[in-house]
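Asker: Dropping the structure in here first, questions after.
The values are calculated or read from the model by the stated rules, or taken from the named source; none is laboratory data. Keep in mind that what you see is a predicted model, and the values were worked out from it rather than measured. Don't worry about glycine lacking a Cβ; one is built from the backbone with ideal geometry, like all the others, and counts go over all protein chains shown.
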């Protein structure tokens, strides 16, 4: 059964390494990669040390690793992979049942490409892999500057909500101009974003990854907040994709 329509040739020549000490979890991930995403080859390892052996002996294009494992956990494996020149930009997705703030901070600071929470939502899993793959394609790894007013909302909780305007956006995140946060708004806080894109609204669960001084505001009444999209359903993903494709120019992503 296919949960999400994909380009059948997108991953046909790519090799994925799945690292998990649970046979059941590995089987589920293998199903997504083989049956839904159509990866050309999937290799399985039960711990980080075994995964490193595969990485050194095989061409690996993607790594999907459990967070907690014996004999080198997911973060230790990530650090070891990033030390190699061919592993610096390798898509590395950590899979964890602990989607709390402390874990997310560790994952993002360690240099993971993204994380996927257990138990898996099939559509979310597949969409995340597609979005990461799309970063290598035209526009998807670029931030599109916003030239028209775009009203947005940042909701850290039902009672902590800020109005914002969009500065730029990509398929994986956005930069918003907003007033200084007085409640919430710590780095790696989770927020629900409502984004106005060409007269339509997209909503997404996001992670606050960076705060910047707004150099265009001499009065220091605003700041810039960078968010990384964590969850986009199919309709919101399509809204952002259509918006990006309609824009005439792009700027490189930094950070």
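Asker: Before we move on, is residue 81 free of Cβ contacts under 8 Å to residues at least 40 places away in the same chain and either in a helix (DSSP H, G or I) or farther than 24 Å from residue 172 by Cβ (or both)?
Answerer: So residue 81 fits the description; yes.
Asker: Does residue 94 qualify as being modelled with pLDDT of 85 or more, under 15 Å from the mean Cα position of the chain (by Cα), more than 25 Å from residue 235 (Cβ to Cβ) and crowded, with 18+ Cβ neighbours inside 10 Å?
Answerer: Spelling it out, residue 94 is indeed modelled with pLDDT of 85 or more, under 15 Å from the mean Cα position of the chain (by Cα), more than 25 Å from residue 235 (Cβ to Cβ) and crowded, with 18+ Cβ neighbours inside 10 Å.
Asker: Quickly run through the range 53-78 and pick out the residues that are part of a helix (DSSP H, G or I) and buried (at least 19 other Cβ atoms within 10 Å of the Cβ).
Answerer: 55, 74, 75, 77, 78
Asker: Taking the criterion of being outside any strand (DSSP E or B), closer than 24 Å to residue 103 by Cα and in contact with a strand residue (DSSP E or B) (Cβ under 6 Å, 6 or more places away or on another chain), would at least one residue in the range 189-210 satisfy it?
Answerer: Looking for residues that are outside any strand (DSSP E or B), closer than 24 Å to residue 103 by Cα and in contact with a strand residue (DSSP E or B) (Cβ under 6 Å, 6 or more places away or on another chain), one finds at least one in the range 189-210, hence yes.
Asker: Within the range 208-216, is even one residue in contact with a helix residue (DSSP H, G or I) (Cβ under 9 Å, 6 or more places away or on another chain) and not assigned by TED's automatic domain parsing to the domain that holds residue 127?
Answerer: Scanning the range 208-216 turns up at least one residue that is in contact with a helix residue (DSSP H, G or I) (Cβ under 9 Å, 6 or more places away or on another chain) and not assigned by TED's automatic domain parsing to the domain that holds residue 127.
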